[in-house]
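Could you have a look at this structure, given as C-alpha cells, before my questions?
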Amino acid sequence: MNHINDCKQEIELLTNRMSARTPILVIGAGFSYGALNGQQKPLPTGKMLANELFDTLLEKLPKTSSQYLEEYRCDRDDLLKTCNNIREENLVKKRDNYITQRMNGCHCDSNDYHMFVKRHPWKHIFTLNIDDLLEYIYESDPSQKEPNIHIKGKSQLDSEASFDLYKLHGSVRNPLLGYIFDSEEYREYISESAWALERFGQLFLTNDVIFLGTEFQEEDLLFMIE
C-alpha cells in the first residue's frame with residue numbers, strides 16, 4: 001500500500017510540475033522499444049544491437065586472430081565496446097550502413113503508447129536515438145506541426161516548428177552527418193563543444209528535465225549533466 005501511495009505522490013508531483021512549466025524531455029533507446037522499422041522488425045535495445053553488429057561484422061572476419069575474436073565475443077553485449085572493436089577492424093562504414101538500414105522507416109500503431117509523447121506541448125526534446133520514430137509520430141498526425149530538427153550540430157531551421165528536436169547521436173534520415181557510437185566519436189563530439197550540448201546545458205539550469213528510456217551511461221549525457 002505504501003508503494004502505491006508513493007507512486008501516486010510521484011505522479012501528482014510530475015503532473016503538477018509539467019502543468020506549471022514545460023520541462024525538457026531527454027529520450028533514450030528504451031522509448032523506441034516495441035516500435036517497428038521499415039522491414040517490420042522490432043527495434044533493438046542497445047544489447048540486442050551490439051549482438052547483431054557482432055554477428056554481422058565481427059564474428060566472420062577472416063583476418064581476425066582467434067585471440068581477438070574471443071575478446072570481441074566477450075564484449076558482444078556491450079554496444080560501446082563492440083563499436084570500439086568495429087573501429088579497430090576498420091568497419092565503421094559497414095557499421096553505419098547496417099545501422100541506417102536497421103533503424104530506418106520506424107513506425108508504430110496509432111494507439112500505441114509511443115504516441116502519448118505528442119500529448120504534451122514540449123518545447124525541447126533531446127534524443128540519444130538515431131532512429132526516426134519521433135519524426136514518424138509527428139508526421140503521422142496532420143494536426144501536429146513538425147519539429148525543428150537539430151542533428152548533432154546541424155540545424156534545419158523552420159520558424160513555424162512546434163518544438164526543437166535535438167538528435168544528439170545523429171539521424172538515419174541524414175546518415176552523412178555521421179553517428180556517435182564508439183569512444184572516438186564520443187570524444188570528438190564532446191571536444192567540439194557541440195552547439196546541441198551547450199544548448200542542453202543552458203536549458204538544464206533553468207528547467208526541469210524528464211529522462212525517458214535512458215540511464216546515465218552515455219558519455220555525452222554524463223558530460224552534459226556535469
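Mind listing just one residue for me: the one in region 48-71 that is more than 15 Å from ARG95 (Cα to Cα) and in contact with a helix residue (DSSP H, G or I) (Cβ under 9 Å, 6 or more places away or on another chain) and, of those, modelled with the highest pLDDT? Even if it seems obvious, please write down each step before you answer.
In the first step, residues of region 48-71 are kept if they are more than 15 Å from ARG95 (Cα to Cα); the result is 62-71.
Subset that is in contact with a helix residue (DSSP H, G or I) (Cβ under 9 Å, 6 or more places away or on another chain): 64, 68-69, 71.
Details: THR64: 65, TYR68: 85, LEU69: 87, GLU71: 90.
Among them, the one singled out is GLU71.
Residue-wise test of (1) charged (D, E, K, R); (2) within 30 Å of GLU59 (Cβ to Cβ); (3) under 17 Å from the mean Cα position of the chain (by Cα).
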residue: TYR98; (1), (2), (3): no, yes, yes
residue: ASP109; (1), (2), (3): yes, no, no
residue: MET115; (1), (2), (3): no, no, yes
residue: ARG119; (1), (2), (3): yes, no, no
residue: ASN129; (1), (2), (3): no, yes, yes
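Considering region 182-202 alone, what residues qualify as being farther than 16 Å from LYS167 by Cβ and surrounded by 19 or more Cβ atoms within 10 Å (Cβ to Cβ)?
ASP182
Of the residues in region 173-191, how many are at pLDDT 90 or above and of a type in the set (Ser, Thr, Tyr)?
Adding up the residues that qualify gives 2.
Name the helices (runs of 4 or more DSSP H) wholly within region 31-144 that hold at least 1 residues that are of a type in the set (Lys, Arg) and crowded, with 19+ Cβ neighbours inside 10 Å? Quick ask: steps written out before the conclusion?
Details: elements: 46-53, 66-74, 79-88, 92-102, 133-139.
In region 31-144, 92-102 are the helices (runs of 4 or more DSSP H) which contain 1 or more residues that are of a type in the set (Lys, Arg) and crowded, with 19+ Cβ neighbours inside 10 Å.
For every residue, the table says whether it meets (1) modelled with pLDDT of 90 or more; (2) under 27 Å from VAL209 (Cα atoms).
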{"site": "GLY38", "(1), (2)": "yes, no"}
{"site": "LYS41", "(1), (2)": "yes, no"}
{"site": "ARG73", "(1), (2)": "yes, no"}
{"site": "ILE86", "(1), (2)": "yes, no"}
{"site": "ASN97", "(1), (2)": "yes, no"}
{"site": "ASN111", "(1), (2)": "no, yes"}
{"site": "MET115", "(1), (2)": "yes, yes"}
{"site": "HIS124", "(1), (2)": "yes, yes"}
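The values are calculated or read from the model by the stated rules, or taken from the named source; none is laboratory data. In this text the structure is predicted, and so the values were computed from the model without any measurement. A quick note on method: Cβ atoms are made from the backbone with ideal geometry, for glycine too, and the neighbour counts reach across all protein chains shown.
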